[in-house]
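The values are calculated or read from the model by the stated rules, or taken from the named source; none is laboratory data. In this text the structure is predicted, and so the values were computed from the model without any measurement. In this analysis, Cβ positions are derived from the backbone assuming ideal geometry, glycine residues included, and neighbour counts consider all displayed protein chains.
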Amino acid sequence: MRLVVADNDSEALALLVTDFKFEGHDIVGTASGGERALELCRELKPDALVTDFRMPPGMNGVETAGRVRDELPEIRVIVFTNYINADVARGARKAGAILIEKGNLRALRRALVDEST
């Protein structure tokens, strides 16, 4: 699967990229913010975007998810974050994104390959 991965934490981003490559995914782009993630999705047309929620400054992960899903509905969007609350969950659902808590790599891997999500 071709992925764009976005996280403002460079260490977390590197760990995700390493894990995804190990799982056989093709990382076509990385970003440290929502605006850049959206640009990469427009340009590279990945199969999925995996994004953190909090990526200051600018668009957060849910806002990015909404823009990507509006413009490129064929791209699966996963918001992978430590910051889960009712507002984030509602926003992710409204944006058409899958919300997964950081640390749950099994759920993240499953969301990338499960066509029903």
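Things to note:
- You will find that of D7, D47, D19, the residue that is closer than 28 Å to N85 by Cβ, within 13 Å of the chain's Cα centre (by Cα) and of a type in the set (D, E) is D7 and no other.
- Qualifying residue in the range 64-85 (condition: over 14 Å from the mean Cα position of the chain (by Cα), at pLDDT below 95, farther than 19 Å from T18 by Cα and among the polar types (S, T, N, Q)): yes
- Just one of the listed residues (A111, A89) is without any contact (Cβ under 8 Å) to a residue 24 or more places away in the chain, out of contact with any helix residue (DSSP H, G or I) (no Cβ under 9 Å at 6 or more places or on another chain) and among the small types (G, A, S), and it is A89.
- Residue satisfying all of: in the range 88-117; in a helix (DSSP H, G or I) and small (G, A, S); surrounded by the fewest Cβ atoms within 10 Å (Cβ to Cβ) among these: A89
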